[in-house]
Structure formats: C-alpha cells, structure tokens
Amino acid sequence: MKIMSRLHSKKKAETGLFKTEQMRYYALMKKKLQTEYQLNILEDVILSQDDTIILFVDLNNKTITLELVSGSLETIGFGPGPTLDLETLFTCFDYNNGYAKVAGQNDYYASVYDEVHDFEHEPNVTFPIVNQNGKHWIRFHLVPLKNKPYLATVFITNVTQFLDEEEALYVKTHHDSLTGVFNKYTLDYHYGQRYKRDDFHVLFLDLDDFKVLNDEKGHKAGNNFLIDFTKILRTHESDINRFYRVGGDEFVGMFFEKEEQIKTIASNIIEETMVMSKKHYEKVVSVSIGIIQADAREDVIAKADKVLYEAKSKGKNQYIYTRESDL
C-alpha cells in the first residue's frame with residue numbers, strides 16, 4: 001500500500017510539473033506574440049480557424065445541447081444562434097452519399113450515430129449533413145474534461161473541400177466503371193459484412209449467347225447491352241439488396257428476402273431481359289440464374305456459380321433455386 005501511495009504521489013507530482021511547464025510556455029508565447037507581433041494568443045492563434053467551431057456540452061443533461069464557445073454555426077449551414085442540439089444535428093444527416101451507398105444507408109447512419117454517442121471513448125468521426133444551406137462534411141470530435149468527464153469540449157470542423165474529392169474517389173473504387181453497379185471488390189466487402197444476416201440468398205447471373213452479340217455486332221453493342229441489362233438489375237435493388245459485376249457478362253446478387261420474393265425477382269429479370277433484348281438488339285441474348293438459399297454459409301457464391309451452370313446446361317434462359325443444405 002505504501003508503494004502504491006508513493007507511486008500515486010509521484011504521478012500526481014509529475015502531472016503538476018507538466019501543467020506548470022505548459023503554463024510557463026503559454027505565458028512566454030503570449031508575451032512574445034503581443035510584444036513582437038501585436039497578436040492576441042487566444043483570438044489570433046488559438047481561435048483563428050474559420051472552419052472550426054468550438055462548443056461546450058454537459059453530458060449529464062437529458063437533452064445533449066452543444067453551447068457555442070468560438071466560431072459560428074453558420075460555418076456548417078445552421079443559423080447564428082448560440083446552441084445546437086445533438087439530435088438536431090442528426091435530423092440533418094445526409095443519407096445520399098457514396099459511403100452510405102456502399103455500407104447501406106441504415107447501417108451507415110447507425111455506425112455514425114453510435115460512434116458519436118459513445119462519449120466514453122472521445123468520438124472522432126466524419127459524416128455529412130444537409131440543410132437549407134446545402135451539404136457539409138463535418139468532423140465531430142468530443143473531448144471530455146479530465147477533472148469532470150461529464151463535461152466536454154466539442155470541436156466541429158467543416159471538411160467539405162477535402163471530403164468531396166475523397167468521396168468521389170471512394171465511389172469510383174467501389175463501382176464498375178462501365179455499368180455503374182458495384183464491383184467485385186465491394187462484393188467481397190459486403191459478403192464479409194452481411195453473410196450472417198437472415199434470408200441470405202446469392203444469385204449468380206450469366207448472359208446467354210452474349211459472345212455471339214459481341215462478335216457479330218462489336219464491343220460497342222456489347223457494352224450497350226451490358227448497360228441496359230444493369231438498368232434492369234438496378235430496378236430490383238434496395239438498400240442492402242445489391243448486384244455486382246464480377247466478370248465480362250457475369251453478375252452476382254446478394255439479397256435478403258424470403259424465397260418467394262427471390263423467385264419473383266429472378267423471373268422478372270429473365271422476362272425483362274428478353275423484352276429488352278428483342279426490342280433493341282437483333283441477336284437475342286437471355287440470362288440464366290443460379291440461386292442459393294444460404295444456411296451453412298460456406299462458399300455460397302461458388303455454390304451459386306455451380307447451380308448457374310446447371311441452369312445453362314438445361315436450356316438457358318431460366319433460373320434454378322436450391323437450398324445450400326440440399327447440395
């Protein structure tokens with residue numbers, strides 16, 4: 001106990017010396033700035049960033065209200081008032097961004113919301129908001145006071161000029177450049193995140209006789225067909241039900257719906273592809289689909305690929321639906 005007491009006293013003394021040194025350097029620099037440059041250390045240096053807002057918050061209050069210390073809430077599109085409720089900030093959350101489209105809008109919102117409200121771990125997260133003054137990317141950093149951790153300083157920085165370019169690059173790396181659907185890189189990411197969800201289905205799609213169209217009509221006609229085909233696929237997508245281009249004319253869908261809904265989607269895609277093909281292309285190109293209802297959840301995509309080629313070998317232009325446990 002005596003040893004622990006001495007260690008505690010030593011640490012307390014070292015902390016006190018550190019703070020004393022900090023205050024000494026602060027006083028020296030304050031004097032230097034004033035005498036040599038006629039600058040106020042607080043107004044001209046510490047609080048000089050126009051894109052950063054400093055706020056104070058009492059985390060014990062039922063309503064988490066951020067109170068303005070420095071800067072202006074107009075920096076992020078709000079009015080000039082002195083306060084901003086945290087929940088009001090989230091009512092302005094922008095779901096329409098590249099990160100949310102990849103992660104899934106609901107999942108993206110939930111991850112940001114949870115991180116911002118994890119006050120014990122000094123949340124430091126960047127996310128977009130949209131209000132009457134447009135879209136803003138903000139970095140939210142909450143730092144509890146050491147002596148009173150239920151009180152905190154919040155730094156909100158407008159980082160729109162940096163994140164707009166970063167978002168565009170992020171979108172580009174996750175989408176197929178020709179068709180605009182997600183690419184194989186995103187498929188791998190989503191598979192790892194979602195394969196344990198309920199009603200997990202994998203659809204493996206391959207265009208029938210696409211090579212004939214490509215060879216006879218040229219790559220431009222082939223590319224146009226792929227673009228038109230993915231327009232059909234996109235009409236069946238939702239927040240986490242998505243298609244991915246994994247090869248020249250091969251696509252994978254990961255869907256989380258009941259069996260009958262999955263079969264309806266597959267039937268509609270086959271029918272709509274035939275209608276589109278006959279209407280716009282001399283060479284009729286159809287689609288075959290292999291579908292796996294996952295239960296063991298082991299190499300589901302590879303299993304759907306095998307079922308696809310069963311559908312093709314039985315005459316093409318059809319789907320085969322199989323439970324993973326029945327293979």
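Just so you know, all these numbers are worked out from the coordinates, no wet-lab data involved. None of the values given here were measured: they were computed from a predicted structure. Here the Cβ is made from the backbone with ideal geometry for all residues, glycine too, and neighbour counts use every protein chain on show.
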### Query
To the nearest 20 debye, what charge dipole does the chain have about its Cα centre, counting +1 at the Cβ of each Lys and Arg and -1 at the Cβ of each Asp and Glu?
1080
### Query
Taking the Cα-to-Cβ direction at LYS31 and at HIS280 and moving 7 Å from each Cα, how far apart do the two end points lie in nm?
7.7
### Query
Looking only at the range 232-257, which residues have a backbone nitrogen under 20 Å from a spot 7 Å from the Cα of THR264 in the C-beta direction?
232-243, 253-257
### Task
Could you tell me which of the pairs LYS101/LYS135; LYS217/LYS314; LYS211/LYS231; LYS231/LYS279 are separated by over 18 angstrom between their Cα atoms in the structure shown?
LYS217/LYS314; LYS211/LYS231
### Task
Enumerate the lysines that LYS62 could reach by cross-link, defined here as Cα to Cα under 26 Å, with residues fewer than 8 away along the same chain left out.
LYS146, LYS148
### Query
Gain in length, SER70 to LYS148, computed as 0.36 nm per residue apart minus the alpha-carbon separation, to one decimal in nm?
26.0 nm
### Query
HN-Hα J couplings of the range 291-304 from phi, Karplus 6.51/-1.76/1.60, θ = phi - 60°, integer Hz, Gly and Pro as x?
10, 10, 8, 7, 10, 6, 6, 10, 6, 5, 5, 4, 5, 5
### Message
Restricting to Cα pairs below 8 Å that are 6+ residues apart, what does the relative contact order work out to for the chain? Please round to a whole percent.
### Response
12
#### Entry: ³J(HN,Hα), Karplus 6.51/-1.76/1.60, whole Hz, each residue of the range 83-100, x for Gly, Pro
9, 8, 6, 4, 5, 5, 4, 7, 5, 9, 4, 9, 6, 8, 9, x, 5, 5
### Query
Gain in length, PHE56 to ASP228, computed as 0.36 nm per residue apart minus the alpha-carbon separation, to one decimal in nm?
56.6 nm
### Message
One quarter of the convex hull surface, Cα atoms only: what value does that give for the range 177-326 in nm²?
### Response
8.3
### Query
Under 5 Å between amide H atoms, partner at least 5 residues away or on a different chain: which partners does ASN317 have, H built in plane at 1.01 Å?
VAL287, SER288
### Query
If you count the DSSP beta bridges with both ends in the chain, what percent of them are antiparallel, to the nearest 5?
90
### Message
Among TYR37, TYR309, TYR108, which one shows the highest mean-square fluctuation when the chain is modelled as a Gaussian network with alpha-carbon springs under 10 Å?
### Response
TYR37
